[in-house]
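Single-structure report; data block below.
The values are calculated or read from the model by the stated rules, or taken from the named source; none is laboratory data. Note that the structure is a prediction, hence the values are computed from the model and not measured. No Cβ is skipped: glycine too gets one built from the backbone with ideal geometry, and neighbour counts run over all protein chains shown.
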Amino acid sequence: MTLANLRKRPQAGVVAASVMAASMWFYVQYVLVPYQQADAARHDRPRGNLSDLYPRWLGARELLVHHRDPYSPEVTKEIQAGYYGRPLDAGRPGDPRDQQGFVYPLYVVFLLAPTVKLPYSMVMAGFRWMLVLLTAASVPIWLGVIRWRPSRGVLAIMLLLTLGSFPAVQGIKLQQLSLLVSALIAAASGLLVGGHLLLAGGLLAVASIKPQLVVPVAGWFALWTAGDLRRRWPFLAGFSLTLAVLLLAAEYVLPGWMGGFREAVAAYGQYTGGGSSLLDVLVTPAAGKVLAAVVILVVAWLGWQRKSAPADSLDFTFTLATVLAATVVVIPMFAPYNQLLLLPAIFLLTRSGGELWQRNLGTRILLVVAAGLVLWPWLATLGLALGSLWLAPGVLERAWAAPLYSSVPIPLATLALLACLGARPLHCHSSER
């Protein structure tokens, strides 16, 4: 269904998007989770609250309330007792390798400080709803960044599909801080495009609780700032001052914390094998690192070429979308919830679909393939939801991986389409096409 058709029949699009989103939530709750529970039982693998927020929250509580080092082995065992249901035992082959230590910069505790004296069940429920609201709010923010003002019907469809996408559902179910960071990056980008450079820099510094997600976009913004330092210095000032305050405050509450953080990161690399990027998964670790280096160099060259672009130009937003898409491809962690960083790229490509279709046969084929990859998870989950009417639960569980088949190629197809879009001068249209 094209954007023109959606303008004429928005109700049909909203109904279709609602069904697709509901099918994804059904899949996660009634297919994926039961499969994981059964698989854990077969391999004697422990399952506790499995909340990705919990290690950070417990570490914050132990530091701020009981003045204990959150990076210490003792606190790590207490984290495991809640996250897995019991401390991990190296002598049990079914136990996970991920130790669930406090592998975050210490200043994440300042974000969690208001919650450390509350019951974790209340914190977990509240944080889950906060992630829903933040993820929903990021949709109109990104649309504003790329200067697209769709109709209310199209906006509703985008909201439903975003909240009903596997990256969002997975992140919400796990209470993943990546969703918070993605929303902070969106907000910082919106402030920067709106001319509020000091606030944008400060907010991006707060988002650095996940350095691997923030360093690439912070690098692009720093390069852009250098392109016109006389006018753009407030961004650099906001980022630097806020980060300095966070680092100094962390040093005050736990002197020498950076050493513990470095050791935690090194240990994390050992028990997870150093982490695999999407490119490592697609090819081999050695070839993946070479390809990642090529992607980084190409994106850096693109940023250098467009460092003078105004923040409200399509050149700027195109580069921003490309940097975020490249981040998903090259970071040493393949996790679907990080793919929410693809939102600005997907919105930009959706708005520019007509222009890309007119390019050549190769671009049209790539568009069709990319659209199929993006739609596949919903088609698969819809099939599983319908199949649940007559298939036994065990049969459904055996098909648990089907909706995830396109998780690896989606970021690559997105990056390839962005390359096609940037191959010619870009044209910006602020309204729906």
Filter result for Ile146 (within 22 Å of Gly259 (Cβ to Cβ) and buried (at least 21 other Cβ atoms within 10 Å of the Cβ)): no
Residue within the stretch 354-364 that is modelled with pLDDT of 90 or more and among the basic types (Lys, Arg) present: yes
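State all residues of the stretch 103-129 that are more than 21 Å from Ala244 (Cβ to Cβ) and in contact (Cβ under 8 Å) with a residue 40 or more places away in the chain; if no residue qualifies, say none. Walk me through how you get there before you give the answer.
Taking the stretch 103-129 first, the residues more than 21 Å from Ala244 (Cβ to Cβ) are 103, 114-129.
Of everything in the stretch 103-129, those that are more than 21 Å from Ala244 (Cβ to Cβ) and in contact (Cβ under 8 Å) with a residue 40 or more places away in the chain turn out to be Val103, Thr115, Val116, Lys117, Tyr120, Val123, Met124, Phe127, Arg128.
Could you say which residue among Lys77, Lys117 is over 27 Å from the mean Cα position of the chain (by Cα) and part of a loop (DSSP other than H, G, I, E, B)? Break it down stepwise before answering.
Numbers: Lys77 fails: part of a loop (DSSP other than H, G, I, E, B).
Just one listed residue meets the conditions, Lys117.
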Condition broken by Arg128, with the remaining ones in (1) part of a helix (DSSP H, G or I); (2) basic (Lys, Arg); (3) on the phi > 0 side of the Ramachandran plot satisfied: (3)
Selected residue (only one of Val323, Val374 is farther than 18 Å from Val169 by Cβ and not charged (D, E, K, R)): Val323
Hits in the stretch 337-354 - residues which are within 18 Å of Ala186 (Cα to Cα) and either of a type in the set (Gly, Ala, Ser) or under 11 Å from the mean Cα position of the chain (by Cα) (or both): Tyr337, Asn338, Gln339, Leu340, Leu341, Leu342, Leu343, Ala345
The stretch 391-407 residues that are of a type outside the set (Ser, Thr, Tyr), paired with ones that are part of a loop (DSSP other than H, G, I, E, B) (beta carbon under 7 Å, 6 or more apart): Leu396/Ser388
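Going by the conditions given, is Gly101 out of contact with any His (no Cβ under 8 Å at 6 or more places or on another chain), within 28 Å of Tyr30 (Cα to Cα) and in the same structural domain as Val193 (by TED's automatic domain parsing)? Steps first, answer last, please.
Details: out of contact with any His (no Cβ under 8 Å at 6 or more places or on another chain): yes; within 28 Å of Tyr30 (Cα to Cα): no; in the same structural domain as Val193 (by TED's automatic domain parsing): yes.
Considered against the rule, which asks whether it is out of contact with any His (no Cβ under 8 Å at 6 or more places or on another chain), within 28 Å of Tyr30 (Cα to Cα) and in the same structural domain as Val193 (by TED's automatic domain parsing), Gly101 comes out as no.
For Pro332, are the conditions met, namely being within 26 Å of the chain's Cα centre (by Cα), crowded, with 21+ Cβ neighbours inside 10 Å and not hydrophobic (A, V, I, L, M, F, W, C)?
On the way: within 26 Å of the chain's Cα centre (by Cα): yes; crowded, with 21+ Cβ neighbours inside 10 Å: no; not hydrophobic (A, V, I, L, M, F, W, C): yes.
So Pro332 does not fit the description; no.
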Ile296, sole failed condition from (1) touching a Leu at 6+ places or on another chain (Cβ under 9 Å); (2) crowded, with 16+ Cβ neighbours inside 10 Å; (3) not assigned by TED's automatic domain parsing to the domain that holds Leu412: (1)
Residue selected from the stretch 80-92 under the condition touching a residue at least 12 places away in the same chain (Cβ under 8 Å) and assigned to a loop (DSSP other than H, G, I, E, B), by the criterion nearest to Gln175 (Cα to Cα): Tyr84
Entirely in the stretch 355-429, the helices (runs of 4 or more DSSP H) that have 3 or more residues that are of a type in the set (A, V, I, L, M), loosely packed, with under 15 Cβ neighbours inside 10 Å and under 28 Å from the mean Cα position of the chain (by Cα): 361-387
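Matching residues to (1) in a helix (DSSP H, G or I); (2) of a type outside the set (Ser, Thr, Tyr):
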position: Val281; (1), (2): yes, yes
position: Gly288; (1), (2): yes, yes
position: Ala293; (1), (2): yes, yes
position: Lys307; (1), (2): no, yes
position: Leu320; (1), (2): yes, yes
position: Tyr337; (1), (2): yes, no
Counted residues, the stretch 243-279 - those being part of a helix (DSSP H, G or I) and not hydrophobic (A, V, I, L, M, F, W, C): 10
Filtered residues of the stretch 57-79 (kept if within 15 Å of Tyr268 (Cα to Cα) and among the charged types (D, E, K, R)): Lys77
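Quick grid of which residues meet (1) at pLDDT 95 or above; (2) within 28 Å of Ala293 (Cα to Cα); (3) buried (at least 18 other Cβ atoms within 10 Å of the Cβ):
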{"site": "Ile185", "(1), (2), (3)": "yes, yes, yes"}
{"site": "Leu191", "(1), (2), (3)": "yes, no, yes"}
{"site": "Leu197", "(1), (2), (3)": "yes, no, yes"}
{"site": "Val206", "(1), (2), (3)": "yes, yes, yes"}
{"site": "Gln212", "(1), (2), (3)": "no, yes, no"}
{"site": "Trp220", "(1), (2), (3)": "yes, yes, yes"}
{"site": "Trp224", "(1), (2), (3)": "yes, yes, yes"}
{"site": "Gly227", "(1), (2), (3)": "no, yes, no"}
Scope the stretch 137-146; condition assigned to a helix (DSSP H, G or I), farther than 25 Å from Leu246 by Cα and in contact with a Ser or Thr (Cβ under 7 Å, 6 or more places away or on another chain); matching residues: Val139, Val145
